[in-house]
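Notes follow once the structure below has been shown.
The values are calculated or read from the model by the stated rules, or taken from the named source; none is laboratory data. Computed from a predicted structure; not experimentally measured. Using ideal geometry, Cβ is built from the backbone for each residue, glycine included, and neighbour counts are taken over all protein chains shown. The protein model used for the area step is the full one, side chains on, heavy atoms only, and it has no ligands, DNA or RNA in it. Shrake-Rupley method; radii C 1.70, N 1.55, O 1.52, S 1.80 Å.
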Amino acid sequence: MSEKGSGPPVARTVLQQCLQARLQVKPAEDHSEAQFVQIDRGMVIYICFFKGATDDILPKMVSTLLNLRLCETDSGKMVSVLELPGSLLIVPQATLGGKAKGRAMQYHNNISKEDGLRLYSTFVSLCEKELTAAAASAGGGAEVTVKHGTYGNRQVLKLDTNGPYTHLMEF
């Protein structure tokens, strides 16, 4: 979805339709169990920001990603996650910015951790706002939620896909 002639992308996302997804956001420690977030039917969004990304791109990203008809209803019709209605699991994924050099991966084009965390947090908030508004206008029905991973930490994902049905989007 990168626009031609507009320069290199400033963000990359991978979208996966899911029946259920569970993400470990904190590992088990001596005196505490591991912590997880989970969604049922909806979409997993993996996201990586590159150098040059600013807050200006976020509304377009959220609108595009949440309005694409990538989710399948029980009758087989393709609808957006907002129309389904479905939940979101947003996973920060810095490795989406990797480039192979020889037999190693390099991440020189990724945004700084501080700027990436700020953009990621704003992206999650905008998604929450959009999904909540769509659920409210649709009336009762299924509970929809936005869950998210922790930026800059190793996480474990368990995913039941409906497909696989995976899309790469650049902004």
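From the residues in segment 22-32 that are of a type outside the set (Val, Ile, Thr) and closer than 28 Å to Ala53 by Cα, which one is most open to solvent (accessible area, probe 1.4 Å)?
Once the filter is applied, the top-ranked residue is Lys26.
Suppose we filter segment 108-154 for residues that are of a type in the set (Phe, Trp, Tyr) and modelled with pLDDT of 95 or more; how many remain?
Adding up the residues that qualify gives 2.
Name the residue that is most open to solvent (accessible area, probe 1.4 Å), counting only residues in segment 108-151 that are among the basic types (Lys, Arg) and assigned to a helix (DSSP H, G or I).
Taking the candidates together, the pick is Lys129.
Collect the residues in segment 1-32 that are at pLDDT 95 or above, part of a loop (DSSP other than H, G, I, E, B) and over 25 Å from Leu119 (Cβ atoms), keeping them in residue-number order.
Of everything in segment 1-32, nothing turns out to be at pLDDT 95 or above, part of a loop (DSSP other than H, G, I, E, B) and over 25 Å from Leu119 (Cβ atoms).
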